[in-house]
Amino acid sequence: MRILYVISEADPFIKTGGLGEVGGSFPLALNKSGIEVRVIIPKYSQITPELTEKAAFLTSFEVPLGWRRQYCGLQELVYQDVHYYLIDNEYYFKRSHVYGEYDDAERFSFFCRAVLESICRFSDYKPDIIHCNDWHTALIPVMLKEFYFSDPLFFNMRTLLTIHNLKYQGIYPWQVYFDVLGLPEGGMCYQRFSFKDVINFLKAGILYADRITTVSPTYAGEILYPYYGEQMESVLAGKKDLLTGILNGIDYGKYNPRKDSYIYAQYGSYAQKLNNKLGLQEDLGLPVRPEAPLFGVISRLVPQKGFDLLLHVMPQIMEMDVQLVILGDGEAQYENSFQYYTRLNPDKIAFMDYYDEVMAHKIYAAADMVLMPSRFEPCGLTQMIAMRYGAIPIARETGGLKDSVIPYNQFTGTGNGFSFANYNAHELLDTIQRAVGVFHEQNDRWETLVNNAMHSDFSWERSAKQYTALYATLLEQLS
Ligand code: ADP
């Protein structure tokens with residue numbers, strides 16, 4: 001079974017959030033499980049030269065894009081036993097940002113077409129399935145059926161589209177459809193792109209792909225309804241039979257408190273974890289107090305993550321004997337609010353308005369709890385990483401949070417976190433207070449909870465198995 005995994009980011013090459021994390025770790029797991037997977041990503045200028053220097057030039061060609069033809073260099077390298085292809089075009093990918101450029105529609109249209117043109121040039125590898133991810137690659141199933149339908153190379157090639165976050169859809173004016181993509185007016189293709197007065201890359205991808213997955217079973221159900229559907233609920237409901245939710249995993253090699261060189265003290269049990277808390281408190285200028293519950297927030301600062309709830313009850317939280325360490329960048333409204341509360345409570349809050357991988361690991365290792373009051377959360381990796389480090393998630397019951405955080409039951413001692421159902425600030429506050437109550441109890445309940453969390457299994461093997469089964473069903477349909 002040969003899978004070409006197409007994604008716009010893959011750690012350690014490039015990562016702006018959870019997508020890059022998955023792009024880095026899922027192919028490794030698939031490869032280990034015996035699937036012949038190859039990954040193809042854009043060669044962004046942000047990729048560290050040490051990685052790209054090892055890439056070998058394979059070939060170059062021109063990619064048709066509407067009425068133009070654009071240069072494409074194809075490079076190849078092997079990293080941790082996985083084959084990577086890099087799509088090279090400095091005009092499109094030597095930019096100051098990975099996303100958010102004025103011509104993202106054209107940049108990722110180019111990427112999609114360049115992937116299909118690359119397949120035509122692979123000498124030793126013909127994928128059975130092209131596994132696409134999010135709107136950046138959603139045009140591949142479209143282009144495959146619109147531009148390559150008569151090419152025998154592609155006759156039996158199947159497409160799978162994974163939705164990591166329905167919020168981001170690739171919505172652009174019709175001009176992109178005609179000028180950049182060179183697609184015809186009217187007919188089925190036109191209908192499939194049409195989204196109110198504009199076009200929608202993800203919608204077209206969903207309607208053209210042979211199968212669709214999303215990153216947790218709960219999110220797969222949620223997106224069929226308006227609250228989570230981002231105006232795509234009816235499109236998705238129409239494809240319900242082809243849609244599956246498979247929970248992501250995390251790389252247990254990378255996130256391993258026993259071996260992590262970024263943290264203050266490596267550990268395998270709750271007792272040894274404490275040194276990390278003391279180290280971080282000291283480094284960040286917070287009072288070094290093991291008895292104060294330490295909350296971590298490691299996140300993009302965007303509305304999705306539920307910071308409105310947190311900010312709403314911040315005055316009450318600050319009345320408690322707790323510490324809060326926040327790492328992340330994003331929207332100014334949240335950065336400003338966190339800065340404001342930090343100035344008011346310098347001995348309780350440390351806020352770093354940027355993202356830093358080493359600091360993220362230090363916080364996971366130091367924190368007693370991590371806050372994830374998300375409005376929606378397709379999968380969420382942060383809670384899984386946190387649990388691996390014995391930091392207890394306080395999460396809203398949505399999407400992948402619901403599928404991974406099992407509420408603590410004080411009578412049976414089961415569970416690995418705390419959760420609340422409604423998007424309501426006082427439910428969050430109540431849950432925080434409940435967690436702090438358990439933390440302060442003079443018995444080993446907290447330790448049991450931490451051990452439960454550290455022993456929860458979020459490795460990729462389980463998801464890789466489910467994907468392997470899904471790939472097999474896709475191919476069975478051919479025979
Ligand atoms: P999302 O993909 O919505 O950002 P996830 O919980 O699925 O959230 O994935 C978070 C991953 O991204 C973790 O590996 C986390 O360490 C990392 N991360 C969190 N915040 C940022 C940020 N501001 N920039 C880059 N990576 C981040």
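Inspection of segment 286-294 identifies no residue that is touching a strand residue (DSSP E or B) at 6+ places or on another chain (Cβ under 6 Å), β-branched (V, I, T) and modelled with pLDDT of 95 or more. Of the strands (runs of 3 or more DSSP E) lying entirely inside segment 286-389, those carrying at least 2 residues that are away from the ligand (no atom under 15 Å from the Cβ) and within 30 Å of S261 (Cα to Cα) are 294-298, 323-327, 349-352.
Taken over segment 161-217, the residue count meeting the criterion of being in contact with a Pro (Cβ under 8 Å, 6 or more places away or on another chain), in contact (Cβ under 8 Å) with a residue 40 or more places away in the chain and over 30 Å from S463 (Cβ atoms) is 1. Please specify each residue of segment 391-415 satisfying the condition of being buried (at least 23 other Cβ atoms within 10 Å of the Cβ), assigned to a loop (DSSP other than H, G, I, E, B) and within 16 Å of the ligand (Cβ to nearest atom). Within segment 391-415, A391, T398, V405 qualify. Say whether the condition of being in contact with a Cys (Cβ under 8 Å, 6 or more places away or on another chain), assigned by TED's automatic domain parsing to the domain that holds A469 and of a type in the set (S, T, Y) is met by at least one residue in segment 21-41. No, the conditions are met nowhere in segment 21-41.
Which of the residues spanning segment 64-91 are modelled with pLDDT of 95 or more, among the hydrophobic types (A, V, I, L, M, F, W, C) and over 11 Å from K43 (Cα atoms)? Result: L65, L77, V78, V82.
When A367 is tested against (1) under 25 Å from E230 (Cβ atoms); (2) crowded, with 24+ Cβ neighbours inside 10 Å, exactly one condition is not met: (1).
Among residues of segment 397-412 that are under 17 Å from L449 (Cβ atoms), those with a Cβ under 8 angstrom from a residue that is hydroxyl-bearing (S, T, Y) and surrounded by fewer than 16 Cβ atoms within 10 Å (Cβ to Cβ), sequence gap 6+ or separate chain, pair up as I406/T414; Y408/T414.
Is one or more of the residues making up segment 248-268 under 30 Å from R211 (Cβ atoms) and free of Cβ contacts under 8 Å to residues at least 24 places away in the same chain?
Within segment 248-268, the first condition is being under 30 Å from R211 (Cβ atoms), and the residues that meet it are 248-255.
Now drop any that are not free of Cβ contacts under 8 Å to residues at least 24 places away in the same chain, which leaves 253.
Yes; the residues of segment 248-268 include at least one that is under 30 Å from R211 (Cβ atoms) and free of Cβ contacts under 8 Å to residues at least 24 places away in the same chain.
In segment 290-309, the residues that are closer than 20 Å to E357 by Cβ form Cβ pairs under 7 Å with partners that are near the ligand (Cβ under 7 Å from one of its atoms) and β-branched (V, I, T), at six or more places apart or across chains, as follows: I298/T382; S299/T382. Listed by position, the helices (runs of 4 or more DSSP H) inside segment 149-262 whose residues that are surrounded by 20 or more Cβ atoms within 10 Å (Cβ to Cβ) and not charged (D, E, K, R) number at least 2 are 201-208, 217-222.
Which of the residues that make up segment 1-15 are more than 16 Å from the ligand (Cβ to nearest atom), buried (at least 20 other Cβ atoms within 10 Å of the Cβ) and aliphatic (A, V, I, L, M)? Show your work before the answer.
Within segment 1-15, the first condition is being more than 16 Å from the ligand (Cβ to nearest atom), and the residues that meet it are 1-6.
Checking which are buried (at least 20 other Cβ atoms within 10 Å of the Cβ) leaves us with 3-6.
Of everything in segment 1-15, those that are more than 16 Å from the ligand (Cβ to nearest atom), buried (at least 20 other Cβ atoms within 10 Å of the Cβ) and aliphatic (A, V, I, L, M) turn out to be I3, L4, V6.
For residues that are touching an Asp or Glu at 6+ places or on another chain (Cβ under 8 Å) and of a type in the set (V, I, T), tally how many sit in segment 397-417. Going through segment 397-417 one residue at a time, the tally reaches 2.
Residues in segment 275-285 that are surrounded by 15 or more Cβ atoms within 10 Å (Cβ to Cβ) and outside any loop (DSSP other than H, G, I, E, B): N275, N276, K277, L278, G279, L280, Q281.
The values are calculated or read from the model by the stated rules, or taken from the named source; none is laboratory data. Keep in mind it's a predicted model, so treat the numbers as computed, not measured. Reconstructed Cβ throughout: ideal geometry from the backbone, glycine too, with neighbour counts over all protein chains shown.
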